[in-house]
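The values are calculated or read from the model by the stated rules, or taken from the named source; none is laboratory data. Note that the structure is predicted; figures quoted are calculated from it, not measured. Positions of Cβ are generated from backbone atoms using ideal geometry, with glycine treated the same way; all protein chains shown enter the neighbour counts.
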C-alpha cells in the first residue's frame, strides 16, 4: 500500500504527527471496538510503545490507560513495544489494529 491510499481512507480526524521531514511515512491505526481510525506520521525508528501511547491519547482523551491496549500487525500482537516500527516490519502505508488487551464482556 502507498501513503496516498492510506491518506484517502475514511478518517474523521486530522493526522497525528510524531515525526516530520525526510524519512517519515504514514501508517493508519484502527481502533477495533470503537471503529475509529487515525493516520499517524512516523519515522522508522519510532517505537511501538510511542505509537500506541499517542493513538490511545488521541482516541481516548478521558485518560484510559495505554497498557489496556495492544497493537496488532497482520493479525499478530506486537509483543516487543520497545522495538522500532522498522524492526516490527511496519512500513509506509501499513494498517495497524489497536485492540483491548483483554476481551470485554458483551452486554
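Some notes on this structure:
- Selection within segment 82-96: residues that are modelled with pLDDT under 95 and under 21 Å from residue 33 (Cα atoms). The member of this set that is surrounded by the most Cβ atoms within 10 Å (Cβ to Cβ) is 94.
- Apart from one condition, residue 15 fits all of (1) under 14 Å from the mean Cα position of the chain (by Cα); (2) at pLDDT 90 or above; the exception is (2).
- Inside segment 20-73, residues that are assigned to a loop (DSSP other than H, G, I, E, B), surrounded by 14 or more Cβ atoms within 10 Å (Cβ to Cβ) and at pLDDT 90 or above make up a count of 4.
Let's see how each residue does on (1) within 13 Å of the chain's Cα centre (by Cα); (2) over 25 Å from residue 20 (Cβ atoms); (3) without any contact (Cβ under 8 Å) to a residue 24 or more places away in the chain:
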residue: 71; (1), (2), (3): yes, no, no
residue: 82; (1), (2), (3): no, no, no
residue: 92; (1), (2), (3): yes, no, no
residue: 96; (1), (2), (3): yes, no, no
residue: 99; (1), (2), (3): yes, yes, no
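- Every residue from segment 18-62 that is touching a residue at least 24 places away in the same chain (Cβ under 8 Å), more than 10 Å from the chain's Cα centre (by Cα) and over 16 Å from residue 85 (Cα atoms): 32, 33, 34, 36, 58, 59
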